[in-house]
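Chemist: One structure is given below, represented as structure tokens, and several questions about it will come after.
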Amino acid sequence: MGSPVGDWELCGERFYAREELYQMAWGDLRLDYLRVAAAPFGGPIATIRDDRKPVPLGPTGSVSTAAPQLRTYTAAGKPVASWAWDQGSIAGLGWTSSLELIVIETTGEVHSFTMFGLRLPRHFSLGAAAKAEVVAEARVFGDTLVAVTAKCTFWAAEHLSAEEGPRPQRLALGKWPREAPRSWTVLPPHQSPSGCLEIVAAAGGAAWVIDADAAAEQPAAGGPLAAVTASPDGRFVAGLAETGELSVWTADFGRTLSRHDTGSAGRAPELLAWCGSDSLVVAWEDDDSLLMVGPLGDTVPLLLPPPRLVVPEVDGARLLTRDTCQLLRRVPAPLAQIFSVGSTAPGAVLYDARELFDEHSPRADGLLRSIAAELPAAVAACVSAAVADLDPLRQAQLLKSACYGRAFVPAGGFPRDGIVSVVRRLRILNALREPEVGIPLTGAQLEALPVGQLVKALVAARHHLLATRVAEALGLGPEQVLVDWACAKISAAGPLPDDQLHAALRKKLKSAGSTVRYARIAAHAQAAGRPGLATLLLEHETRAGEQVPLLLALGEGERALDAALAGGDPDLAHVALFAALRSRPLPEFLALLAPRPAARLLFESYCADQEPELLEQLYTTTGRLSKIADMRLSEAVQAGASQSLTSPVTVSVKLLERAAELYTQSKDHPFQAKATAEFAKLRRLQAELENETGQLAFVGLSVVGTIRQALKLGNERAAQRVRSEFRVTDKRFWGIKIRALAADQQWDALDAFAQDRRSPVGLEPFIAAARAHGAPTGVVARFIARMPNGKRKAEEYASAGLFPEAAEAAAAARDGELLGRIQAAVGAASPLGSAITQIRDRLQLPGLPGAGSGASTGGRS
């Protein structure tokens, strides 16, 4: 194993390395006649014949047939899939962040495929306007698609991988010169200064920033721009002018960071691409080399004959040719510190000390002591360098140096599990870089890749075992991997019987427990023409919201209903109920509900609000006459509330009579039957009274209310009729009449009524009603005066505030205690109080406890 320094190129003060990743396995591929789209982060490559170029048909390569073929490869050039393109002319193709291949036609139609050529359902169009203008060029940036038409308008569609689908929109033009852009690039929303999708285009001698609201012109240094490109992190924009001047600006064009004359005035650039975010690569047509321009304007020529493709990465660029895939990147700082010639950095000293230790040289101890104070930093540098290096042998040596130094680091100086976590990460990276996998990620790229996206990429490439291992190493669950593996196994199962395939799938999936989404696997089985397998798989799905719709689609209405009821979601249960109702005759549906009381109650609740006829049919079929009677009773009440003099109440009465009949027939509701019959009789009588009086004053009242209303209207005969019909007792009738007269303040009539010696209630109800309705004191006094002498009469006088009369009645009743209370109420010193004292003394009656002796003593003195 040698030092990597010999392969480094010095550009200014920084080292850059061009490291070969793979010898491409795609054979004699004619890149110069193909459209090529390569995904970032070591992703796959897609090619199709470029119909803009005359292609000589030959015996080899992608041009061996007149029919266009879409082909996909790994980053190592290993063929993945090939399928015929039978649609229209292509305007562009690219990969989403979830590794879906997007193909855009010149008509604006957008197609999605997996890397294995399976068409995805996410097909959409940019719209009729884009179709009319004809799409000239289209590109995919992450999950965003941008297209420019022949009429120089830009269209964008974001969220390509979202389930709800993208919404294409035309971007604003403003003062855009409406000429074909020489070059353009995209700043996605998460990278642009405004937080919205922005396009940077070179046209009309300037750079333009275009978004959904406006198109703003930006000053472009060095004359009209021939090419523009945005850095992978979105922080910078570079532009190459026709004069050959290469400029770099901040993304908002607020500052010019650098300018460099490439000496290429008048030459058309073939490509302008970023290498990481601190240097650029430029190539011109018919030139066998690339020019790399560093951040300070330093340049390095790199031999790379055409045809070639440069794929920007977050920490460098992939260089693709027919034969090789190389990584061009700035040498990571830890590697530069350790392997630079003559380096005395702590990491380099530790690396040398470990080599001397392996050679059993005593000089190792001296070197180690010389960096004793910096030993933790030296260990960290060796660990970081191991992650950054692509060579497994050097990784091992660097980790060995780190372990050697770690043994002498004081406690707490370096994390105990730091080296273990790095070894785990390196195992992932080295497994991914294997040619059979073909995902050449670097440590920096792995760090920048969103959590879980690497697993999704492995799943998309059908490396399920590796995806499971990586998911476990990253602390993620294996559920997504297992689901995709199951779908792939179903697709490749051939004639294997459903029960055997189900057993094989279950054996693998049950290890993940209930977290596996069986509904997704079942949906795939259904799409693959295996409904029986789909039904078997859905038995293991624990999410009713995903299970029930698929069971319904499979025609398993009964299972769907049971699953919805078990899930406890009433909305889902309603969906299953009505699907079952639509799919079978009513008797079968009712038989389905019979053993399921929860479903029956839900259905009855719905029908009560929406379809009462269906509910009555259900009750009739099941013989629940009392429920039908309840419905008739409710209808009668509603009908009675809407009656008028011109609309007889016979409808309400007939409904009540029918309800009474049904209650009687049910034999279990005698009270309801009798009460409903009485209600019908009352309703009929009330209607007759309204017709006689010409007033809508009776319907809806109770028996007591009807009597009260008749008395209020002065219709004694009607009140007596109601009394007779409903056998109202004398005592109750007198109480009703007393309260009615008092409420109407008919005091003379109430007084006359009180004189009737046939009263079954006495005088107390008269007094209480008069007092409750604010009768004058004289009226109340007349009622009290008719009471027989006694304590009760005295108390009524006292309650009415008639204290002299109360005292007289109490004296007649010889109630000393009551006299004492009256005296306490009026005051012992008042004339009435003095009179009460004399009366009590004369009759020798005691007073209130504790008060009588004082009063008596006062009287004797």
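Chemist: Among the residues of segment 430-471, what is the count of those that are β-branched (Val, Ile, Thr), in a helix (DSSP H, G or I) and in contact (Cβ under 8 Å) with a residue 40 or more places away in the chain? Talk me through it step by step, then tell me what you get.
Modeler: Taking segment 430-471 and keeping what is β-branched (Val, Ile, Thr), we get 437, 439, 442, 451, 455, 459, 468, 470.
Those left that are additionally in a helix (DSSP H, G or I): 455, 459, 468, 470.
Checking the rest, the ones that are also in contact (Cβ under 8 Å) with a residue 40 or more places away in the chain come to 470.
The number of residues fulfilling the criteria is 1.
Chemist: Considering each of Ala238, Ala273 in turn, give the residue that is among the aliphatic types (A, V, I, L, M), touching a Pro at 6+ places or on another chain (Cβ under 7 Å), modelled with pLDDT of 90 or more and buried (at least 17 other Cβ atoms within 10 Å of the Cβ).
Modeler: Going through Ala238, Ala273 in turn, just one is among the aliphatic types (A, V, I, L, M), touching a Pro at 6+ places or on another chain (Cβ under 7 Å), modelled with pLDDT of 90 or more and buried (at least 17 other Cβ atoms within 10 Å of the Cβ): Ala273.
Chemist: Could you count how many residues in segment 423-464 are open to solvent by 60 Å² or more (accessible area, probe 1.4 Å) and modelled with pLDDT of 90 or more?
Modeler: Count: 7.
Chemist: If Ile784 satisfies all but one of (1) more than 25 Å from Gly816 (Cβ to Cβ); (2) without any contact (Cβ under 8 Å) to a residue 24 or more places away in the chain; (3) surrounded by 14 or more Cβ atoms within 10 Å (Cβ to Cβ), what's the number of the condition it fails?
Modeler: Condition (1) is where Ile784 drops out.
Chemist: Please find, among Glu692, Glu678, the residue that is charged (D, E, K, R), modelled with pLDDT of 75 or more and surrounded by fewer than 14 Cβ atoms within 10 Å (Cβ to Cβ).
Modeler: Of the residues listed, the single one that is charged (D, E, K, R), modelled with pLDDT of 75 or more and surrounded by fewer than 14 Cβ atoms within 10 Å (Cβ to Cβ) is Glu692.
Chemist: Taking the options Ala560, Ala608, name whichever one is of a type in the set (Gly, Ala, Ser) and either in a loop (DSSP other than H, G, I, E, B) or open to solvent by 20 Å² or more (accessible area, probe 1.4 Å) (or both).
Modeler: None of the other options fit; the residue is Ala608.
Chemist: Related question: Which condition from (1) in contact with a Ser or Thr (Cβ under 8 Å, 6 or more places away or on another chain); (2) outside any strand (DSSP E or B) is the one that Gln87 breaks?
Modeler: Condition (1) is where Gln87 drops out.
Chemist: Only one residue in Arg139, Arg170, Arg178 is over 33 Å from the mean Cα position of the chain (by Cα), open to solvent by 10 Å² or more (accessible area, probe 1.4 Å) and under 22 Å from Gly204 (Cβ atoms), so which one is that? Lay out the reasoning, then the answer.
Modeler: On the way: Arg139 fails: over 33 Å from the mean Cα position of the chain (by Cα); Arg170 fails: over 33 Å from the mean Cα position of the chain (by Cα).
Result: Arg178 is the single residue among Arg139, Arg170, Arg178 that is over 33 Å from the mean Cα position of the chain (by Cα), open to solvent by 10 Å² or more (accessible area, probe 1.4 Å) and under 22 Å from Gly204 (Cβ atoms).
Chemist: So for segment 711-720 (the condition being more than 30 Å from Val779 (Cα to Cα), outside any loop (DSSP other than H, G, I, E, B) and open to solvent by 60 Å² or more (accessible area, probe 1.4 Å)), does at least one residue qualify?
Modeler: No: segment 711-720 contains no residue that is more than 30 Å from Val779 (Cα to Cα), outside any loop (DSSP other than H, G, I, E, B) and open to solvent by 60 Å² or more (accessible area, probe 1.4 Å).
Chemist: Please name all residue pairs, on different chains or six or more residues apart, with Cβ atoms under 6 Å, provided the first residue is in segment 397-416 and is among the polar types (S, T, N, Q) and the second residue is surrounded by 20 or more Cβ atoms within 10 Å (Cβ to Cβ).
Modeler: Ser401/Leu350; Ser401/Tyr351; Ser401/Arg354; Ser401/Cys382
Chemist: Now, a different point. Hey, can you tell me all the residues within segment 181-211 that are out of contact with any strand residue (DSSP E or B) (no Cβ under 6 Å at 6 or more places or on another chain) and open to solvent by 30 Å² or more (accessible area, probe 1.4 Å)? Break it down stepwise before answering.
Modeler: So in segment 181-211, the residues out of contact with any strand residue (DSSP E or B) (no Cβ under 6 Å at 6 or more places or on another chain) come out as 189-191, 193-196, 203-205.
Result: Pro189, His190, Gln191, Pro193, Ser194, Gly195, Cys196, Gly204, Gly205.
Chemist: In segment 721-752, what residues are part of a helix (DSSP H, G or I), within 28 Å of Met787 (Cβ to Cβ), of a type in the set (Asp, Glu) and open to solvent by 40 Å² or more (accessible area, probe 1.4 Å)?
Modeler: Asp730, Asp748
Chemist: Looking at segment 523-538, is at least one residue over 30 Å from Ala608 (Cα atoms) and modelled with pLDDT under 85?
Modeler: Within segment 523-538, one or more residues are over 30 Å from Ala608 (Cα atoms) and modelled with pLDDT under 85.
Chemist: Next question. Ala800: among the hydrophobic types (A, V, I, L, M, F, W, C) and either under 30 Å from Ala824 (Cβ atoms) or under 60 Å from the mean Cα position of the chain (by Cα) (or both), yes or no?
Modeler: Judged against the criteria, Ala800 is a match.
Chemist: Separate question: Name the residue, out of Val228, Val200, that is over 37 Å from the mean Cα position of the chain (by Cα), closer than 16 Å to Phe141 by Cα and not aromatic (Phe, Trp, Tyr).
Modeler: Just a single option satisfies the conditions, and that option is Val228.
Chemist: Just wondering, is there one or more residues in segment 256-267 that are buried (at least 20 other Cβ atoms within 10 Å of the Cβ) and within 24 Å of Pro440 (Cα to Cα)?
Modeler: no
The values are calculated or read from the model by the stated rules, or taken from the named source; none is laboratory data. This is a predicted model, so every value here is computed, not measured. Note: ideal-geometry Cβ built from the backbone for every residue, glycine included; neighbour counts use all protein chains shown. These area figures cover heavy atoms from the full protein model, side chains too; ligands, DNA and RNA do not enter into them. Shrake-Rupley method; radii C 1.70, N 1.55, O 1.52, S 1.80 Å.
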